[in-house]
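**Q** To start, I am sharing the structure in question, which I have written as structure tokens.
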Amino acid sequence: MTVKPDNLVQLRDYEMVGFGRHENLRLWLRLLTCTTLIESKIRAQLEGHFSVTLPQFDLMAQLDRVPEGLTMSALSERLMVSNGNVTGIVKRLIAEGLIDRQISKTDRRSFLVWLSPKGQVLFREMAERHEAWINSLFAGLSPADAAKLMTLLSGTKESVRAAKLDGVGVAKGARAAVKKVAAAPGKKRGRPAR
């Protein structure tokens, strides 16, 4: 399929540009587009109906799975974000009375957080609505197509996890070389002389 610059209708689906070439890039763009579309719709629903952000919902979902609570580090690992991001979200949820926090009994350097009774009630309502929204978004897929897609995405996930990318060590080595040059004696920092 040749795309003519004057045919804007063909350009609307950007993943189709260059059809027949760069298939894996097109696949990645399609996955990214679907994820972004779903996420933006869910984000708007959560904020519109509950005044809760998607990161707040995700954090509350993790706490709902572990009623006895989680440390901030465990939350950070589960959410795949930095401790700093988790701290900001936790502070806002504590201020709203949706989660509680106390110093860990086993490690006085860390905090344990869990859903408060108010947070439990709100989360159950949000989770129910969230599932309904997801069901609506996927209503156009037959159960058989959804099952096929799950199988294909499982294979995709395993392929990505198993992939070994070139250059990862090079980037670390390059950073180390830059630090070494910057720290070398006699080298002045700042702008070069003009």
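The values are calculated or read from the model by the stated rules, or taken from the named source; none is laboratory data. Nothing here was measured: the structure is a model prediction, and the numbers come from that model. With ideal geometry, Cβ positions are generated from the backbone for all residues, glycine too; neighbour counts draw on all protein chains shown.
**Q** From Ile94, Ile42, Ile38, grab the single residue that is among the β-branched types (Val, Ile, Thr) and either assigned by TED's automatic domain parsing to the domain that holds Glu131 or not in a helix (DSSP H, G or I) (or both).
**A** Ile94
**Q** If Asp107 passes every condition in (1) surrounded by 10 or more Cβ atoms within 10 Å (Cβ to Cβ); (2) modelled with pLDDT under 95; (3) among the charged types (D, E, K, R); (4) in a helix (DSSP H, G or I) but one, which one does it miss?
**A** (4)
**Q** Something else now. When the residues of the stretch 125-150 are filtered to those that are assigned to a helix (DSSP H, G or I) and among the polar types (S, T, N, Q), which remaining residue is surrounded by the fewest Cβ atoms within 10 Å (Cβ to Cβ)?
**A** Out of the qualifying residues, it is Asn135.
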